[in-house]
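Here's the structure, in structure tokens; my notes come after.
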Amino acid sequence: MPPAGFELTAHADAIIAEREIDAAWIERVLSSPERTETDRSDPALKHALARIAECDDRVLRVVYNASFNPPRVVTAYFDRRQRGKT
């Protein structure tokens, strides 16, 4: 069950379990992103990025719909292209 600070779509729920992404990391990225971006194809979607120290400082990208309250997470993944960046 995700923390109260966000909701998960069915896809996001399945994918974070498959990718072994801790819901607390998603909450941390959403509450304190190191960088945010607007989605290229859907302006309702935002991307929050932050390094996760527990995972060798890999960058977790959380894609969420900001028009919902609380934000609705669409997907999350460790972004290999962001290795060493933020």
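The values are calculated or read from the model by the stated rules, or taken from the named source; none is laboratory data. Because the structure is predicted, anything quoted here is derived from the model rather than measured. Here Cβ is always computed from backbone atoms with ideal geometry, including for glycine, and neighbour counts include all displayed protein chains.
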_Restricting to region 44-83, name every residue that is buried (at least 16 other Cβ atoms within 10 Å of the Cβ) and of a type in the set (Ser, Thr, Tyr)._
Tyr64, Thr75
*Looking only at residues in region 1-43 that are loosely packed, with under 13 Cβ neighbours inside 10 Å and either in contact with a Ser or Thr (Cβ under 8 Å, 6 or more places away or on another chain) or in contact (Cβ under 8 Å) with a residue 60 or more places away in the chain (or both), which one is farthest from Tyr77 (Cα to Cα)?*
Ala4
_Please go through region 22-34 and give me each residue that is in contact with a helix residue (DSSP H, G or I) (Cβ under 9 Å, 6 or more places away or on another chain) and more than 16 Å from Asn65 (Cβ to Cβ), ordered by number._
Asp22, Ala23, Trp25
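Looking at region 31-38, is at least one residue in a helix (DSSP H, G or I) and either at pLDDT below 95 or under 11 Å from the mean Cα position of the chain (by Cα) (or both)? Walk me through it before giving the result.
Step one: filter region 31-38 for residues in a helix (DSSP H, G or I), giving 31.
Checking which are either at pLDDT below 95 or under 11 Å from the mean Cα position of the chain (by Cα) (or both) leaves us with 31.
Yes, region 31-38 contains a residue that is in a helix (DSSP H, G or I) and either at pLDDT below 95 or under 11 Å from the mean Cα position of the chain (by Cα) (or both).
Only residues that are in a loop (DSSP other than H, G, I, E, B) and hydrophobic (A, V, I, L, M, F, W, C): list them for region 42-81, please.
Initially, region 42-81 is screened for residues in a loop (DSSP other than H, G, I, E, B), giving 42-44, 56-57, 66-71, 79.
Answer for region 42-81, where residues must be in a loop (DSSP other than H, G, I, E, B) and hydrophobic (A, V, I, L, M, F, W, C): Ala44, Ala66, Phe68.
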